[in-house]
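To start, the structure under review is shown below, and the notes come after it.
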Amino acid sequence: MQDEPVNFTMVLFGANSDLAARKLYPSFYQLARWGHLSGAYRIIAVGRGDLSHEAFRTQVREKILLFSPGTIDDEEHFASFCLRLFYVQVDLEKIEDYHSLQREIMHVSGEPGLCSHLLFYLSTPPALAPVIVRNLREAGLGGKNMECGGWRKIVVEKPYGTDLHSARELNTEIGSAFSEEQIFRIDHYLGKETVQNILVFRFSNGIFEPLWNRNHIARVDITIAENFGIRDRGAFYDQTGLLRDIVQNHGLQLLASVAMEPPVDLSADAVRDEKSKVLRSIRRITSRTIEQSVVIGQYDGYRSERHVAADSRTETFAAVNFFVDNWRWKGVPFLIRAGKNLAETVTEIVITFACPPQNFFGPAESCSYTANQVILRIQPEETIAIRFGAKRPGESVITDPVYMKFDYRGSFSQPGMTPYHRLLLDALDGDQMNFIRQDSVEYSWAIIDAIRDALSGRVPDSYSVGSWGPPTDLQG
Ligand code: BG6
């Protein structure tokens, strides 16, 4: 939460985006309702259509009611929030429209010149980001060389580019208008309480870190499963696929959080340095290793989804066996498995420890049944479990796996913030720890590009809706 009242104007590109409707408007309103936005703030939403401020406010209300029922619990308060919402029609290609936007910003913020604090939020398809940034710069709205006291920031939603080449181009374009400290690349997974807790779990407890390496850990399994399909996002999804939608960002960020070295301190760059080093150390998958490293799948019926090509080869499931080639992790498989329309919605990280040197209590193979595990359940239940073997009560000595469990909600009474609450506040505060730095974005794309090249148009294996995807017997 901000200590001092901060007056700012947020300019949101993508007024009608799905993300704005589902997450951004409700989160902004809640932050205001809870008193986290203590200064004078305004939100200028930018869209293509012709809409009055009034009509836009009505739309925002409808969207919040639809996607976040219960959020508007005080009509009077909501009405005062609405007075801070404005709408501006912009043709993103036309520089003149950015000059009008500039005038609107000055008018709305009530500040002469452009000295107010300005946060640009890009909730637009990746192909539009370079155009927007170029025009912002040309209209004098960029963050570099500001002549008066306010700050400027830009938040960019994922997907950040569509491959290494486009991400680099976007980095160059944004870098010509904003400096790295002004750029906030969002991966909303990093705003999740349970993801932020990975660092705390590892580095605030003495008992895990000494074991957290190749000498004691046999494998790491990261699962990001959803029990629903692509919903109404066929056009986006069919061009994107699961590797780019989930593995490139959420999956690799989880892996980096599990595998990173302790940072020298908790500054944003110290933490991001360590994550970048992990991504840089991930062994590239090539056409020689693709067969044993990657399985891709597509759920039955995917090709009949709206806006999906009838002969689509887009993957809705992927399992990738990664190796982190550094001193700590050499030889330990990190399997990321993610998919749509699977049996359950669950995100978890399972760290499986090596078996003891001798198994007194059963055949050697039985160790995998009781091997120690730390299970970081990211969602939906937010828990951490430790699995170990225990003697089943009775005359014979039979070992069973049992679990010790910590449950976030049971242990802490205050509800956590949602990722968007937290990340919006962090961006306003200028805290970049949970935003992706330029080098990490590029390393992640290089990893995914290599896989996609090696797959060279492979037809995904089909799998039934509600299953766990195609078989994934990956050896690495
Ligand atoms: C988004 C992906 O980044 O994350 C979606 O584009 C996915 O395909 C979503 O469903 C999952 O996020 P969460 O927070 O609901 O698990």
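Residue check: Asp453 meets all listed conditions (1) modelled with pLDDT of 95 or more; (2) on the phi > 0 side of the Ramachandran plot but one, namely (2). Scanning segment 298-312 for any residue that is within 17 Å of Gly251 (Cβ to Cβ), of a type outside the set (Gly, Ala, Ser) and crowded, with 23+ Cβ neighbours inside 10 Å turns up nothing.
Do we find a residue being in the same structural domain as Leu141 (by TED's automatic domain parsing), exposed (fewer than 14 other Cβ atoms within 10 Å of the Cβ) and either more than 27 Å from the chain's Cα centre (by Cα) or modelled with pLDDT of 95 or more (or both) anywhere in segment 24-43? Yes, segment 24-43 contains a residue that is in the same structural domain as Leu141 (by TED's automatic domain parsing), exposed (fewer than 14 other Cβ atoms within 10 Å of the Cβ) and either more than 27 Å from the chain's Cα centre (by Cα) or modelled with pLDDT of 95 or more (or both). The conditions of being free of Cβ contacts under 8 Å to residues at least 12 places away in the same chain, away from the ligand (no atom under 16 Å from the Cβ), outside the structural domain of Arg409 (by TED's automatic domain parsing) and closer than 23 Å to His99 by Cβ are met by Asn145.
Okay, residues lined up against (1) under 26 Å from Gly234 (Cα atoms); (2) of a type in the set (Phe, Trp, Tyr); (3) in contact with a Lys or Arg (Cβ under 9 Å, 6 or more places away or on another chain):
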residue: Tyr41; (1), (2), (3): no, yes, yes
residue: Val46; (1), (2), (3): yes, no, no
residue: Glu62; (1), (2), (3): yes, no, no
residue: Gly70; (1), (2), (3): no, no, no
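For segment 210-220, the criterion of being over 18 Å from Glu261 (Cβ atoms) and within 22 Å of the chain's Cα centre (by Cα) is met by none of the residues. Checking each residue of segment 254-272 against the condition of being surrounded by fewer than 19 Cβ atoms within 10 Å (Cβ to Cβ) and polar (S, T, N, Q) gives at least one match.
Candidates in segment 417-463 are the residues that are within 16 Å of the ligand (Cβ to nearest atom) and in contact with a strand residue (DSSP E or B) (Cβ under 7 Å, 6 or more places away or on another chain); of these, the one that is nearest to Arg244 (Cα to Cα) is Val441.
The requirement of being within 23 Å of Leu423 (Cα to Cα) and more than 27 Å from the chain's Cα centre (by Cα) is satisfied by Ser116.
Of the helices (runs of 4 or more DSSP H) contained entirely in segment 161-252, those carrying at least 1 residues that are of a type in the set (Val, Ile, Thr), in contact (Cβ under 8 Å) with a residue 12 or more places away in the chain and within 13 Å of the ligand (Cβ to nearest atom) fall at 193-203, 234-242. Close Cβ contacts (under 6 Å, 6 or more residues apart or on different chains) running from residues in segment 301-323 that are assigned by TED's automatic domain parsing to the domain that holds Val220 to residues that are among the basic types (Lys, Arg) and not in a loop (DSSP other than H, G, I, E, B) comprise Ala310/Arg303; Ser312/Arg303; Ala319/Arg337. Among all residues of segment 97-111, there is none that is closer than 21 Å to Ser179 by Cα and under 28 Å from the mean Cα position of the chain (by Cα).
Please state which one of Glu365, Glu348 is modelled with pLDDT under 95, among the charged types (D, E, K, R) and assigned by TED's automatic domain parsing to the domain that holds Lys391.
Selected residue: Glu365, the only one of Glu365, Glu348 that is modelled with pLDDT under 95, among the charged types (D, E, K, R) and assigned by TED's automatic domain parsing to the domain that holds Lys391.
Pull out all pairs, ordered by first then second residue, where Cβ-Cβ is under 6 Å, the residues are six or more apart or on different chains, the first lies in segment 52-63 and is assigned by TED's automatic domain parsing to the domain that holds Ala21, and the second is part of a helix (DSSP H, G or I). Taking only residues 6 or more apart or on different chains, the pairs are Arg57/Cys82; Val60/Tyr25; Lys63/Ala21; Lys63/Tyr25. Across segment 273-296, the qualifying residues are those that are β-branched (Val, Ile, Thr) and in contact with a Pro (Cβ under 8 Å, 6 or more places away or on another chain), and the one among them that is surrounded by the most Cβ atoms within 10 Å (Cβ to Cβ) is Ile296. Within segment 253-287, the set of residues being within 16 Å of the ligand (Cβ to nearest atom) and either farther than 16 Å from Trp445 by Cα or not assigned by TED's automatic domain parsing to the domain that holds Leu199 (or both) comprises just one member, Ser257. Here the condition is being surrounded by fewer than 17 Cβ atoms within 10 Å (Cβ to Cβ) and without any contact (Cβ under 8 Å) to a residue 12 or more places away in the chain; of Glu138, Glu93, Glu75, it holds for Glu75 alone. For Thr347, the requirement of being surrounded by 15 or more Cβ atoms within 10 Å (Cβ to Cβ), hydroxyl-bearing (Ser, Thr, Tyr), within 16 Å of the ligand (Cβ to nearest atom) and assigned to a strand (DSSP E or B) is met. For segment 62-74, the set of residues classified as in contact with a helix residue (DSSP H, G or I) (Cβ under 7 Å, 6 or more places away or on another chain) and not hydrophobic (A, V, I, L, M, F, W, C) consists of Lys63, Ser68, Thr71, listed by residue number.
The values are calculated or read from the model by the stated rules, or taken from the named source; none is laboratory data. All of these numbers come straight from a predicted model, not from anything done at the bench. Reconstructed Cβ throughout: ideal geometry from the backbone, glycine too, with neighbour counts over all protein chains shown.
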